[in-house]
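Peer 1: I am attaching a structure below and will ask some questions about it afterwards.
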Amino acid sequence: MDAPGDQEGPRLPRGDDPPGNARGTPRQLSREQLFVLISAASINLGSMMCYSILGPFFPKEAKKKGVSNTVTGMIFGCYALFDLLASLVFGKYLVQIGAKFMFVAGMFVSGGVTILFGVLDQVPEGPIFIAMCFLVRVADAVSFAAAITASFSILVKAFPNNVATVLGSLEIFSGLGLVLGPPLGGFLYQSFGYEVPFIFLGCIVLLMVPLNVYILPNYDSDPGEHSFWKLITLPKVALIAFVINSLSSCFGFLDPTLSLFVLEKFNLPAGYVGLVFLGLALSYAISSPLFGLLSDKIPHLRKWFLVWGNIITAGCYMLLGPIPVLHIKSQLWLLVLILVLNGISAGMSIIPTIPEILSCAYENGFEEGLSTLGLVSGLFSAMWSVGAFIGPTLGGFLYEKIGFEWAAAVQGLWALTSGLTMGLFYLWEHSRRRRSKLQNILGTEEERTALLPDEI
């Protein structure tokens, strides 16, 4: 078997892939591919647990320190803003820094700053507390961006022909992190106080670092000629980026708002509030592998997943409150059901995005190597971060001004707009290809007619 550094970059299926690459069925895993899966699963699980742990109790704790809902939303949102900036930088310089070093260093720093977040309750209330929250969240965002950008690139390098299937399968661990984070955080907070949830999870992430240092393979590649600007200016990629923004914003919107809405509306204790998040995360984790498999086996379904996933998501947010004009009484079972449907629609929309961007990049002359993978994974992380910044920031503001029901409806309009825009683009693309094919057929017929000898 070839050494990791000797393998060629990912390529579209042509039948001449080296043995180390995934070509046939996912059952034929090499030792390196198995290690890559373990490493990616560890960062997905650890990072999502650390990210989601804040939801059930941090807004309440922040209020004790004199922090408004709007500022709390900004604390959630600044994570995404700096994740955006860091993802662009790390995606551009992935080859120069080294994918393995970026992955391991990011995980190490993320574990450390998660522990630091656990001692913020000792900080005096007011501006000092707010400043320290922002500082620690920024450090966590930069480290997370490094690890996830490297992880995406390594995965696509190791599994070039099963991208959606592998990414979808690993979303099980992202979903598991989202599932375990809120209830575990709520339980530890209720039982032991503010510090313990962060120290516990931070230590778990740090324990994963030596494992990944040992098992993660090195992948070498030459720097590419293309840039983020060339990638994002491709019309199809720009619209997919808009889809990523809207979906990320929908998730981020729930962070500073859902727990407060549930506490006020249904009077649930903090430990049970975490269980409300369970419906969204669990349905997303279960549905993502299925949509990934279908995206790889039947590629033309990807565009319909993108379009209908967004439209269904929009409907979910209209019903999350529900919006007052529908005159539907808000009930806990209905809220959980809508979150389950939202998790499924999110999996339908998110999983096809990276394969669609990769396909478009290769069609437009991007080289098939680690450099392009760094650009694509960095772009995905950056566009996700744009939405994850706007979602909680705007969500916290709208929650204060117009209430959860109308704020959720406004959020749903974004998903509806992105879904309809993507659908119109695919219809235009299909029409253009049909015209091009018809013109080629007519041109071929004219050439044949011109070559026939004139009849006497």
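The values are calculated or read from the model by the stated rules, or taken from the named source; none is laboratory data. Remember, predicted model here, so these are calculated numbers, not experimental data. Reconstructed Cβ throughout: ideal geometry from the backbone, glycine too, with neighbour counts over all protein chains shown. These accessible areas exclude ligands, DNA and RNA; they are computed on the full protein's heavy atoms, side chains included. Shrake-Rupley method; radii C 1.70, N 1.55, O 1.52, S 1.80 Å.
Peer 1: If you wrap the stretch 39-170's Cα atoms in a convex hull and average its projection over all directions, what's the area in nm²?
Peer 2: Directional mean of the projected Cα hull area for the stretch 39-170 stands at 8.3 nm².
Peer 1: Over the Cα atoms of the stretch 85-159, what is the Rg over Rh ratio if Rh follows Kirkwood? It would help to have the intermediate numbers written out before the result.
Peer 2: Details: Rg = 14.8 Å, Rh = 13.3 Å.
Checking Rg against Rh, the ratio lands at 1.11.
Peer 1: So, for the chain, what is the accessible surface per residue at a probe of 1.4 Å, expressed in square angstrom?
Peer 2: 43
Peer 1: Search the structure for amide H atoms under 5 Å from the amide H of N161, placed 1.01 Å from N in the peptide plane, and list their residues when 5 or more places away or on another chain.
Peer 2: It is A22, by chain and number.
Peer 1: Roughly how large, in nm² to one decimal, is the mean projection of the convex hull of the alpha-carbon atoms in the stretch 154-255?
Peer 2: 9.7
Peer 1: What percentage of the solvent-accessible surface of the stretch 30-219, computed with a 1.4 Å probe over protein heavy atoms, is contributed by carbon and sulfur atoms? Provide the component values of the computation, followed by the final result.
Peer 2: Details: 5060 of 6610 Å².
Answer for the stretch 30-219 is 77 percent, counting heavy atoms of protein chains only.
Peer 1: A further question follows. Once label points are set 7 Å from the Cα along Cα→Cβ at both L332 and S68, what is their separation, rounded to one decimal in nm?
Peer 2: Each label point lies 7 Å from its Cα, and together they span 3.2 nm.
Peer 1: In bins 20 Å wide, starting from 0, what share of all Cα pairs of the chain does each bin hold, as a percent?
Peer 2: Reading the bins upward from 0: 25, 55, 17, 3, 1, 0.
Peer 1: So how strong a dipole does the chain carry about its Cα centre when Lys and Arg Cβ are +1 and Asp and Glu Cβ are -1, to the nearest 20 debye?
Peer 2: The calculation lands at about 1000 debye.
Peer 1: Ranked highest first by the average count of other Cβ atoms within 10 Å around their residues, in what order do 205-211, 90-96, 261-267, 142-148 fall?
Peer 2: Result, highest mean first: 142-148, 90-96, 205-211, 261-267.
Peer 1: Give, in nm to one decimal, the length gained when the segment between I38 and V119 is fully stretched (0.36 nm per residue of separation minus the Cα-Cα distance). Write out the running numbers ahead of the final one.
Peer 2: Working: separation 81, 0.36 × 81 = 29.16 nm, distance 3.07 nm.
Answer, rounded to one decimal: 26.1 nm.
Peer 1: So what is the calculated 222 nm ellipticity per residue for the chain, using -39500 (n - 2.57) for each DSSP H run with n of 4 or more, over all residues, to the nearest 500 deg cm²/dmol?
Peer 2: Rounded to the nearest 500, the figure is -27500 deg cm²/dmol.
Peer 1: Which value results when the Cα radius of gyration for the stretch 189-343 is divided by 2.2 N^0.38 Å?
Peer 2: Here the answer is 1.37, to two decimals.
Peer 1: If you average 1/r over all unlike Cα pairs in the stretch 222-443 and invert the result, what Kirkwood radius do you get in angstrom?
Peer 2: 18.6
Peer 1: Against the longest alpha carbon principal axis of the chain, how many degrees, from 0 to 90 and to the nearest 10, is the axis of helix 353-363 turned?
Peer 2: 30
Peer 1: Holding the Cα-Cα limit at 31 Å, pick out from K230/K401; K64/K92; K303/K437 the pairs that are longer than that.
Peer 2: K230/K401; K64/K92
Peer 1: Using the per-residue mean of other Cβ atoms lying within 10 Å as a proxy for protection, in what order, highest first, do the peptides 359-366, 402-409 fall?
Peer 2: For the peptides 359-366, 402-409, the packing ranking is 402-409, 359-366.
Peer 1: Oh, and also: Between helix 370-451 and the chain, what is the angle of the helix's C-alpha long axis to the longest principal axis, kept within 0 to 90° and rounded to the nearest 10?
Peer 2: With rounding to tens, the tilt is 0 degrees.
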